[in-house]
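Report on the following structure.
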Amino acid sequence: MNSSAAIPGVPVLYERFGRVGGGLRTGLTVIEHAAGIALAVDVAVVFASVIYRYFLHDPVDWAEEVARALMVMLVFLGAATALGRNHHAGIDVFRGFFPPHWQRALVQVAQWVVAAVSLALLVTSYMLLEDTAGQTTPLGLPHGIYAWPVVVGSLCMAIFALANAFEAPRPLAFGTLAGVLIVFAVIAAWHSYAWESAPSPLLLLLVGFLGSIVIGVPIAFALAFASLVYFLADPSLPMVIYSQQVAAGADHFVLLAIPFFVLAGLAMEANGMSSRLIELLLRMMGRLRGGINLITIVATAVFSGISGSKLADIAAVGGIIMPAVRRSRQDPNETAGLLACTAVMAETIPPCVNMIIFAFVANVSVGGLFVAGLVPAAFLALLLAVVAVWKGGKVDPEHLKASDRSLTQLIVGSLVALLMILMIGRGVMAGLATSTEISAFAVVYALVVGGLAFRELTTKVTVRLFVQSAAMSGSILFIVAAASGFAYALTIEQIPSLITGTMIDFGKSYGSIMFLLLATVVMIFFGAVLEGAPALIIFGPLLTPIAAQLGINPLHFGTVMVIAMGFGLFAPPVGLGLFATCTMTGTRVQDVAKPMMKYLAILAIGLVILVLVPSFSLWLPSRFGMN
């Protein structure tokens, strides 16, 4: 059945277009399943490569290149799927400051910005395809295996972007389009006929980015639009470089760990592994003072060691905890606030997506950063637990039963889940394989072992898992891809050098601790404004070398930056993660903000302590020789 049309309570997509809308919905279903197939084949390729390399001692030379090409396909088809379903993350809080009659126009302008980016990617990616015709990869495969997925994905994005834009009433759609085209024509004419007084490409880059954020353009497209404006304003830059940079941002083997860990986490939820573990915690700890609060902390910590996605963790934990909270007549706002804070606490528990992103952009060891994040996470969990017990109460254990499963069944089921966590942890700490290879094992374990143990994974559910994971991963990784072009523009303008010089002078004048505190504040602010990951992508490669020059260990710096980013992401009033948490828990931000302040306060204290005491981050890596 067709996508959202088959889901009760979800509006039918593109219903204004009649038969064409039906074709769009069918096309969306085909594309999202194609993205799911790309993910499934990618898992199979990486898993088979690991088996051949480590067990049969016969490496598959072409596996990494094919896996990277499939990843590019996954990113662009997944991003198109997310666009078709309006699932790309953006911030609309700033739009609320405008008069109501302006807001509809701003929403429509945002749609045109997304369409402009999609069309530009389509045109320039086709130029890239022509430019690389006849070229081959180092192993002799045609270079088109990387270029074609960008072209096809960009075409799909362009179709859905235009369909989204034209869903508005015609006067609004064409009126705002005319306004956008007039602004573009004026700026183009200004640059052509009065270039001496025209705004610089750098100014247009910043205005394009900030303006896009203010009107609610999804983060990935705001980054891509800003770099598009920059490329158009600088005639010395060939436009083919635009799509080349975006494609390069999606073409990294280490980033494959992100969709794999997301898939593993969703598989655990679908086959019942997560529900058994959380229900066991409820029955064992629910009778304690602050028991539900403690369970929330422990459950989030456990599942952060599986999925890597904080929103996936919140969905898994909140989906079981919140019904128990309401059955026992506890305050759901209190629990929702704590749940959001546990996501901050768990940001450095491997295999966190943001840890992988930071390690990638800052050129830091993924395994080292994973190990460095464990003690800080445990320290923050302990601080949260103290407040949770202090403010918590006791509940009737009978209210906490979510099923009729026996305690033995829950224990056995939980052991299956815990074995997967131990497998991931052992692989990371011992350096037995790369994070991508470990994540492929985690997927196979969750699907095969979990499926055989609980027999709750049907073929239909498994297909949906791959489709959902591909869309979620595509929207995450498209942010990384779009940020690549943005970072390229900043590099041309020598912004990294300027920031480096200024921050080094600041660090030398006030000391490395003050530099680290300043960097923490910067990351908290931009973690809230930029939806987390883009803040790491932009500032990670800029600030990490400065920290190293000032004598700050990169692993210590990385853990602090990731936690600070998470603090901003889940803190009111702007943090997108808090809005997502409230949506998942059926609460309101304004009701959750006050009870969560005590938890945020203790996290802020803990973060300052982590800044001042590097040993929290460096003790465990030193034990494993990873410093």
Study note, to complete from the structure: Condition set part of a loop (DSSP other than H, G, I, E, B) and touching a Ser or Thr at 6+ places or on another chain (Cβ under 9 Å), scope the stretch 360-381, selection farthest from THR559 (Cα to Cα): answer is ASN363
Point to revise | Of all residues making up the stretch 235-276, the number that are crowded, with 24+ Cβ neighbours inside 10 Å and outside any helix (DSSP H, G or I) | key: 1
Study note, to complete from the structure: Selection over the stretch 214-225 where residues are buried (at least 24 other Cβ atoms within 10 Å of the Cβ), under 17 Å from ARG95 (Cβ atoms) and in contact with a Phe, Trp or Tyr (Cβ under 7 Å, 6 or more places away or on another chain) yields a count of 2
Exercise for review: Take CYS352 and decide whether it is surrounded by 24 or more Cβ atoms within 10 Å (Cβ to Cβ), of a type outside the set (Phe, Trp, Tyr) and either at pLDDT 80 or above or on the phi > 0 side of the Ramachandran plot (or both).
Suggested key: no
Practice item. Look at ALA220 and say whether it is touching a residue at least 24 places away in the same chain (Cβ under 8 Å), under 19 Å from the mean Cα position of the chain (by Cα) and in a helix (DSSP H, G or I). Key: yes
Exercise for review: May I ask you to verify whether ILE159 is β-branched (Val, Ile, Thr), part of a helix (DSSP H, G or I) and more than 18 Å from ASN86 (Cβ to Cβ)?
Suggested key: no
Review point. Taking the stretch 493-503, which residues are part of a helix (DSSP H, G or I) and either of a type in the set (Lys, Arg) or surrounded by fewer than 16 Cβ atoms within 10 Å (Cβ to Cβ) (or both)?
Key: SER497, LEU498, ILE499, GLY501, THR502
Study note, to complete from the structure: Conditions (1) farther than 21 Å from VAL613 by Cβ; (2) out of contact with any Lys or Arg (no Cβ under 7 Å at 6 or more places or on another chain) -> CYS582 fails only (2)
Practice item. Collect the residues in the stretch 372-383 that are touching a Leu at 6+ places or on another chain (Cβ under 7 Å) and buried (at least 24 other Cβ atoms within 10 Å of the Cβ), keeping them in residue-number order. Key: ALA372, PRO376, LEU380
Review point. Being at pLDDT 75 or above, within 27 Å of PRO573 (Cβ to Cβ) and out of contact with any Cys (no Cβ under 8 Å at 6 or more places or on another chain), is that true of even one residue in the stretch 279-291?
Key: no
Check your understanding: From the list MET503, MET472, MET514, MET523, which one is of a type outside the set (Ser, Thr, Tyr) and within 30 Å of ALA267 (Cα to Cα)?
Key -> MET472
Check your understanding: Within the bounds of the stretch 454-463, is there any residue that is under 16 Å from the mean Cα position of the chain (by Cα), part of a helix (DSSP H, G or I), within 20 Å of LEU256 (Cα to Cα) and not assigned by TED's automatic domain parsing to the domain that holds VAL60?
Key -> no
Study note, to complete from the structure: Over the stretch 440-476, the set of residues closer than 28 Å to ASN86 by Cα and of a type in the set (A, V, I, L, M) is VAL443, LEU457, VAL461, VAL463, LEU465, VAL467, ALA470, ALA471, MET472, ILE476
Check your understanding: What residue, among those in the stretch 593-627 that are out of contact with any helix residue (DSSP H, G or I) (no Cβ under 7 Å at 6 or more places or on another chain) and assigned to a loop (DSSP other than H, G, I, E, B), is modelled with the highest pLDDT?
Key -> VAL613
Review point. Is there a residue being among the acidic types (Asp, Glu), in contact (Cβ under 8 Å) with a residue 12 or more places away in the chain and not in a helix (DSSP H, G or I) anywhere in the stretch 196-212?
Key: no
Practice item. State all residues of the stretch 50-88 that are loosely packed, with under 15 Cβ neighbours inside 10 Å, free of Cβ contacts under 8 Å to residues at least 24 places away in the same chain and assigned to a loop (DSSP other than H, G, I, E, B); if no residue qualifies, say none. Key: LEU56, HIS57, ASP58, PRO59
Exercise for review: Determine which member of the set LEU228, LEU232 is surrounded by fewer than 24 Cβ atoms within 10 Å (Cβ to Cβ), at pLDDT 85 or above and not assigned by TED's automatic domain parsing to the domain that holds VAL298.
Suggested key: LEU232
Exercise for review: Could you tell me which numbered condition ILE295 fails, if it satisfies all but one of (1) modelled with pLDDT under 70; (2) hydrophobic (A, V, I, L, M, F, W, C); (3) touching a helix residue (DSSP H, G or I) at 6+ places or on another chain (Cβ under 6 Å); (4) farther than 20 Å from SER439 by Cα?
Suggested key: (1)
Check your understanding: Taking SER512 and the conditions (1) in the same structural domain as PHE358 (by TED's automatic domain parsing); (2) touching a Gly at 6+ places or on another chain (Cβ under 7 Å); (3) closer than 23 Å to ALA343 by Cβ, which numbered condition does it fall short on, given that it satisfies the others?
Key -> (3)
Practice item. Starting from the stretch 89-115, keep only residues that are over 23 Å from ILE476 (Cβ atoms), then list their pairs with residues that are of a type in the set (Phe, Trp, Tyr) and surrounded by fewer than 20 Cβ atoms within 10 Å (Cβ to Cβ) whose Cβ atoms are within a distance under 8 Å, requiring at least 6 positions of separation or different chains. Key: LEU106/PHE98
Check your understanding: What number of residues within the stretch 124-156 are part of a helix (DSSP H, G or I) and in contact (Cβ under 8 Å) with a residue 12 or more places away in the chain?
Key -> 20
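The values are calculated or read from the model by the stated rules, or taken from the named source; none is laboratory data. Every value quoted in this text rests on a predicted model; they were computed, and no experiment measured them. Every residue, glycine as well, gets a Cβ built from its backbone with ideal geometry; the counts of neighbours run over all protein chains shown.
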